[in-house]
Amino acid sequence: MRLFTPNVKNMYKKKDIKGLVKALRHKDREVRQNAIDYLRSLQTFYRGTKVVDEIRRAQNDSDTLVALTALRTLEALGVASEVERKKAENLERKIHEDGEKALKDLERHRRTIEFFSRWDLNLACPKCGKYARVPEGSTHRPDMRALECPYCGAHYDINQARRDYEDGKSSDS
């Protein structure tokens, strides 16, 4: 936690419900999420609708994890409506889909790095078929879009070379 943030753990130990409810409006996502978690674990110490109303307000938080935590807390308290249960399921699905998309992006970047690290060795020209040594690091430059064959002068698009590599057409030797 950062400096000057509410210590929600101490509030939890002291059973400071008002302080935890106030922490639900803090700007730090971690503080809000921890406050919700602690309020859930203190559920036997309160029955006030103000606490439930504040947790309901937190379900519209801009941070998806805070909103999901609030929705799951409402379910744990037994006060979640059917709409709130459906919203929690949709948020979990969205988090799962976002995670899968991030993993796919990471895999695509890994393949690109692998391609460029292999391409720094040798590359077959698509026109003459001769292998030419590609200058080390030249494929990593962001302004580099094409390479020129030293034998026939053909230009080879970097993106096309990457697609050929992924299709198994290009190899190094």
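What to note about this one:
- Of the residues 56, 47, the single one that is surrounded by 18 or more Cβ atoms within 10 Å (Cβ to Cβ), modelled with pLDDT under 90 and assigned by TED's automatic domain parsing to the domain that holds residue 33 is 56.
Listed here are the residues, each with its yes/no results for (1) at pLDDT below 85; (2) farther than 12 Å from residue 58 by Cα; (3) surrounded by 12 or more Cβ atoms within 10 Å (Cβ to Cβ).
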residue	(1), (2), (3)
2	yes, yes, no
10	no, yes, no
21	no, no, yes
24	no, no, yes
32	no, no, yes
42	yes, yes, yes
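- Members of the range 70-92 found to be of a type in the set (Val, Ile, Thr) and either modelled with pLDDT of 90 or more or crowded, with 19+ Cβ neighbours inside 10 Å (or both), listed by number: 73, 83
The values are calculated or read from the model by the stated rules, or taken from the named source; none is laboratory data. What you are looking at is a predicted structure, and each value in this text was computed from that prediction instead of being measured. A quick note on method: Cβ atoms are made from the backbone with ideal geometry, for glycine too, and the neighbour counts reach across all protein chains shown.
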